[in-house]
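Take a look at the structure set out below.
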Amino acid sequence: MEKMEQPPHVVFHTIPAQGHIKPLLCLAQLLSEAGLYITFVFSHHFRKCFENLPDLSNQSPNLHFEFISDGLPDDHPRSITFDFFYDIKTKTKPHLKDLILSLNTRSPPVSCIINDQYINYPLEVAEELGIPSFTFCAHSASFALTYFIIPKLIEDGHLPFADDDMNHEINGVPGLEGILRRKNLPIFCALPDINSPDFQYFLNGTTGMIPYSSGLIINTFDELEDQSLPQLAKHFRKVYAVGPLHAFLNSKIGKYGSQLIGSHISLWKADQNCITWLDSQPLRSVLYVSFGSLINISASQLLEFWHGLVNSGHPFLWVIRPDVIFSEGEQAVIPEELKIGAKEKGYIVDWAPQEEVLFHQAVGAFFTHCGWNSISESIMARIPLICWPQLYDQLISSDLVSKVLRIGVELKACDRSTIETTIKTLMETKKQEFQNSVNRVANSAQDGIGQGGSSNQNIEILIQHIKNMKLN
Ligand code: UDX
């Protein structure tokens, strides 16, 4: 009897962070819809993110989940720090390798591995087992490019930094003209000794394995980052700009359909009651406020936000994650009049169904920390942004949003008065100007994921690339 042809088998592995898992799951589901056999690998510790996941076995029969030990003790904090990356590199790697060897005996042989840019042990495993691999980048091309210009910055004397002025602009870097400031570089660039093991580890960790990778898959689109993408492409065999992935998946499967895995996997359960509250608000009147899944704010910052939001006079929907406040002895004591103000004008939740919120007709602006998913989701919903970037790629993304794309404004200081006036600028005086800009960018994103669009074509080429790998 003739043997049934087995589909190409793609293994996904990423760091345990909401903002990375979501776009990668969207990509996994898109590839599974195209007939590829997918295994998504999480650690046992991260399994809790599946709490709210519906049973998808009927809708996505090609998509499988496997769980491995991350090799860390139960009491390890697993917060996303330098130490965490050191630890998982050695401790998780053997477990991933064992899993792939086992998968080869009980499913179609693994054709390639797609791994998160911030961990290179999956690339090492792929190399050791003779399997091709791709690198996935969950943030902008602009930020990805900053890693590759570091040797040149050292050569030109920009690194180590000459002084403490983190706003200092660095000019003349192709692809990053107008948006490169010291603080926009990867965090380890602030280390004073560029020869230190930490500096070298993080530089080589992210760029050193790239020659082994068959290409970079990135959650952006050609028209959004037409300056940085061509420069980034010089460092990889191939770059596939396939974003915005959440919108791509929505367009294939239907908005917020029960079968949308990327939108369902969440660290917290989304409070759907906020949609009922939004239903009662006037058109485009509500400011949505959320700082993503990772950053923490101080109790005093929280209070400034509370004042600024209430004083702006605009209705607001505010996500205050249960773990958002870092409390070094500080207690957030919210005065009674603010609580009353928030009750009259606002709605506060632990976690929101963000994509659905942004598409709600009552929402008029998004106050964000500039996580790349939040920016992409806001663009697709045609919502202008107020940027309050804190860490990592968020800083350069804020410059991209406010200076290049002009679809939002950056909050210049985190005090109640600046917060109030910035909200009024975006939602009153310059409302139409920003709305026009975000409409323009959203249209090009929509074109990109549509038939014949750049992201659409890139994903087709990627799928073909993977299929060819299987044949070889
Ligand atoms: C992290 C980094 O911080 C960010 O800089 C990087 O670009 C991606 O990884 P995170 O901080 O969580 O991400 O922000 P973001 O990229 O915006 O991702 C948050 C995700 O959680 C979004 O997809 C958003 O829809 C979802 N979310 C957020 C909810 O579903 N509900 C919420 O209440 C808040």
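Test each condition in (1) in contact (Cβ under 8 Å) with a residue 12 or more places away in the chain; (2) under 16 Å from Leu385 (Cβ atoms); (3) of a type outside the set (A, V, I, L, M) for His465 and report the one that comes out false.
All conditions are met except number (2).
Within segment 434-462, which residues are farther than 18 Å from Glu225 by Cβ and free of Cβ contacts under 8 Å to residues at least 12 places away in the same chain?
Asn436, Gln451, Gly452, Glu460
Inspect all residues belonging to segment 177-190 and state whether any of them is in a strand (DSSP E or B) and assigned by TED's automatic domain parsing to the domain that holds Lys91.
The answer is yes, given that some residue of segment 177-190 is in a strand (DSSP E or B) and assigned by TED's automatic domain parsing to the domain that holds Lys91.
Go through segment 206-248 and give me each residue that's open to solvent by less than 20 Å² (accessible area, probe 1.4 Å) and closer than 20 Å to Lys152 by Cβ.
Thr206, Ile210, Leu216, Glu225, Ser228, Leu229, Leu232
Can you pull out every residue in segment 70-106 that is loosely packed, with under 15 Cβ neighbours inside 10 Å and in contact with a strand residue (DSSP E or B) (Cβ under 7 Å, 6 or more places away or on another chain)?
Asn104
Can you confirm whether Glu337 is without any contact (Cβ under 8 Å) to a residue 12 or more places away in the chain and under 18 Å from Phe316 (Cα atoms)?
Here the answer is yes, as Glu337 does meet what is asked.
Which pairs turn up if I take residues in segment 223-246 that are part of a loop (DSSP other than H, G, I, E, B) and of a type outside the set (Asp, Glu) and look for partners that are modelled with pLDDT under 95 and open to solvent by 20 Å² or more (accessible area, probe 1.4 Å) with beta carbon separation below 6 Å, at least 6 apart in sequence or on another chain?
Partner pairs satisfying both residue conditions: none exist.
Yes/no per residue for (1) surrounded by fewer than 18 Cβ atoms within 10 Å (Cβ to Cβ); (2) assigned to a helix (DSSP H, G or I); (3) not assigned by TED's automatic domain parsing to the domain that holds Cys414:
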residue: Lys339; (1), (2), (3): yes, yes, no
residue: Lys343; (1), (2), (3): yes, yes, no
residue: Tyr347; (1), (2), (3): no, no, no
residue: Trp351; (1), (2), (3): no, no, no
residue: Glu355; (1), (2), (3): no, yes, no
residue: Gly364; (1), (2), (3): no, no, no
residue: Asn373; (1), (2), (3): no, yes, no
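Any residue in segment 121-132 that is farther than 14 Å from Thr14 by Cα and in the same structural domain as Asp98 (by TED's automatic domain parsing) sitting within a Cβ distance under 9 Å of a residue that is open to solvent by 40 Å² or more (accessible area, probe 1.4 Å) and hydrophobic (A, V, I, L, M, F, W, C)? List the pairs, counting only those 6 or more apart or interchain.
If the second residue must be open to solvent by 40 Å² or more (accessible area, probe 1.4 Å) and hydrophobic (A, V, I, L, M, F, W, C), the pairs left are Leu129/Leu101.
Return the residues of segment 140-156 that are open to solvent by less than 10 Å² (accessible area, probe 1.4 Å) and not β-branched (Val, Ile, Thr); say none if nothing qualifies. Spell out the reasoning first.
Pass one, segment 140-156, residues open to solvent by less than 10 Å² (accessible area, probe 1.4 Å): 140-146, 150, 153.
Listed by number, the residues that qualify are Ser140, Ala141, Ser142, Phe143, Ala144, Leu145, Leu153.
Of all residues in segment 375-389, which are open to solvent by 10 Å² or more (accessible area, probe 1.4 Å) and within 13 Å of Leu411 (Cβ to Cβ)?
Trp388, Pro389
Need pairs with beta-carbon distance below 7 Å; first residue more than 14 Å from Trp372 (Cα to Cα) and within segment 393-412, second part of a loop (DSSP other than H, G, I, E, B) and open to solvent by 20 Å² or more (accessible area, probe 1.4 Å); sequence gap 6+ or separate chains.
Close Cβ pairs satisfying both conditions: Lys403/Gly178; Val404/Gly178.
From the set of residues in segment 297-332 that are within 21 Å of His369 (Cα to Cα), without any contact (Cβ under 8 Å) to a residue 40 or more places away in the chain and surrounded by fewer than 14 Cβ atoms within 10 Å (Cβ to Cβ), which is farthest from the ligand (Cβ to nearest atom)?
The residue in question is Ser300.
With the requirement that a residue be open to solvent by 10 Å² or more (accessible area, probe 1.4 Å) and touching a His at 6+ places or on another chain (Cβ under 8 Å), what does segment 119-137 give you?
Listed by number, the list is empty, since nothing qualifies.
Criterion first (within 14 Å of the ligand (Cβ to nearest atom), at pLDDT below 95 and in the same structural domain as Cys137 (by TED's automatic domain parsing)) does Asn219 satisfy it? Explain how you work it out, then say what you get.
Numbers: within 14 Å of the ligand (Cβ to nearest atom): yes; at pLDDT below 95: no; in the same structural domain as Cys137 (by TED's automatic domain parsing): yes.
No: the conditions fail for Asn219.
Please specify each residue of segment 14-41 satisfying the condition of being within 16 Å of the ligand (Cβ to nearest atom) and closer than 18 Å to Val110 by Cβ.
If the condition is that a residue be within 16 Å of the ligand (Cβ to nearest atom) and closer than 18 Å to Val110 by Cβ, then Thr14, Leu24, Leu27, Ala28 are the ones that fit.
The values are calculated or read from the model by the stated rules, or taken from the named source; none is laboratory data. Not measured: the values here are computed from a predicted model. Cβ: placed from backbone, ideal geometry, glycine included. Neighbour counts: every protein chain shown. Surface areas here come from the heavy atoms of the whole protein model, side chains and all, with no ligands, DNA or RNA. Shrake-Rupley method; radii C 1.70, N 1.55, O 1.52, S 1.80 Å.
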